[in-house]
1. Assigned to a helix (DSSP H, G or I) and within 28 Å of Glu239 (Cα to Cα): which single residue out of Phe328, Phe372 fits that description?
2. Hey, can you tell me all the residues within the range 14-61 that are acidic (Asp, Glu), within 25 Å of Glu91 (Cβ to Cβ) and under 60 Å from the mean Cα position of the chain (by Cα)?
3. Considering every residue within the range 337-355, establish whether at least one is closer than 24 Å to Ile277 by Cα and surrounded by 13 or more Cβ atoms within 10 Å (Cβ to Cβ).
4. With respect to the numbered conditions (1) farther than 19 Å from Leu181 by Cβ; (2) surrounded by fewer than 21 Cβ atoms within 10 Å (Cβ to Cβ); (3) in contact with a helix residue (DSSP H, G or I) (Cβ under 8 Å, 6 or more places away or on another chain); (4) aromatic (Phe, Trp, Tyr), which one is the sole condition not fulfilled by Phe315?
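Any read-out appearing in this document is the output of simple, stated calculations on the displayed coordinates, not a laboratory observation. Everything numeric in this text was worked out from a predicted model, so none of it was measured. As a convention, Cβ positions derive from the backbone with ideal geometry for all residues, glycine included, and neighbour counts pool all protein chains shown.
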Amino acid sequence: MKKDKKSSICELKLERTENSLHCYFSGDFVFSNSKIINSYNLKKNLKDINKLIIDFAELDRYDSFLVSWLNVISSYCKNKNIEFQILNMSEEAWTFYDFLKFQKEKFPKLKETKSLIINFFEYLGNTFKELISDGINFLNFFGDTLVSFSKILWSPGSIRWEDFPRHFISIGINAVPISVLILFLIGLITGYQGALLLRNFGADIYIADAVGIALTRELSPLMVAIIVAGRSGSAFTAEIGSMKVSEEIDALKIMGFNIQDFLVMPRMISMIISLPIVVIFADIIGVLGGLVASIGTLDITMTGYLNRLQVAVDFNDILSGLIKAVIFGFVITLIGCFRGMQVRGGAESVGKYTTSSVVTSIFHIILIDAVFTILFPILGI
């Protein structure tokens with residue numbers, strides 16, 4: 001910045017041609033003269049102008065206000081498609097201007113409007129990418145879980161057994177009331193609907209076959225698994241997700257704890273043991289619900305119903321339901337803990353993955369049940 005001359009007033013002279021405007025500055029272009037410079041209101045003179053030329057041949061003194069003013073004018077000209085040119089600036093002033101001016105001007109980009117077809121395929125592609133990434137992470141988590149599960153045989157002490165009673169009570173005992181109530185109502189409904197149909201054919205006694213087989217093979221394990229997925233699967237996700245948000249899991253890793261052994265295995269073992277027990281209670285209460293409906297709508301006695309039930313339902317029917325219960329318990333715990341490990345951010349993420357845990361668990365429960373329904377007759381179960 002020049003300081004060898006005394007401060008003088010900055011003057012501006014405008015010469016307008018047909019499509020261009022020439023501006024001649026003289027004097028001091030400093031901040032103390034900013035009111036004078038701004039009073040010329042150069043932008044108002046740029047209407048219907050294609051080119052703006054600024055001449056600094058008589059420029060005496062200047063400071064950073066010169067750079068700021070030129071940046072504003074050049075940006076305005078660029079937005080209005082006006083050619084901007086600077087003439088007769090001294091080498092020292094050019095160096096000063098180049099050093100302080102914006103190296104890269106950023107202008108907001110207008111959001112491109114895309115067609116519905118493009119948006120659809122973009123959404124489809126992003127969803128597919130998320131599914132692939134989610135599947136790979138799930139396989140890694142599944143492998144780690146299997147390794148930890150195998151430790152029950154060769155290294156049971158590595159699992160945190162202290163949490164087993166608490167999870168067993170939460171998953172099993174606390175789930176019995178709601179499970180048996182729902183299965184009693186389902187047995188009641190199944191018995192009533194079956195009675196209306198069988199009465200037309202005089203096959204009243206076969207209501208025990210319909211209720212017993214439907215409950216033990218399909219309805220009891222399926223409904224209990226859905227109930228437990230909503231109760232305990234979501235709780236697993238919320239608990240582990242909250243620990244993830246509060247960085248407790250990171251702290252456990254730093255202290256050398258195996259997350260699978262410490263958090264997943266106690267829940268997994270409790271679920272696999274407790275779910276078949278709940279299913280057995282649900283079978284018994286569901287059959288009683290069918291009995292109540294049968295006695296109320298058909299000409300059948302309790303003894304006849306129970307005797308026919310012994311003939312219709314064999315060990316394979318009960319076993320198939322218990323096998324499903326074990327698999328369902330494994331899947332519910334696996335998905336619930338996996339979704340909990342995926343939580344990122346804050347409470348909103350916990351709610352998101354808790355909902356995803358329940359939906360994903362129920363989908364896989366029904367899918368696996370459909371597979372077993374086809375597979376068990378082939379295996380003779």
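1. Values: Phe372 fails: within 28 Å of Glu239 (Cα to Cα).
Answer to the selection: Phe328.
2. Asp55
3. Start the filter on the range 337-355 by keeping residues that are closer than 24 Å to Ile277 by Cα, which leaves 337.
Those still in the list that are surrounded by 13 or more Cβ atoms within 10 Å (Cβ to Cβ) too: 337.
Within the range 337-355 (the criterion being closer than 24 Å to Ile277 by Cα and surrounded by 13 or more Cβ atoms within 10 Å (Cβ to Cβ)), the answer is yes, since at least one residue qualifies.
4. (3)
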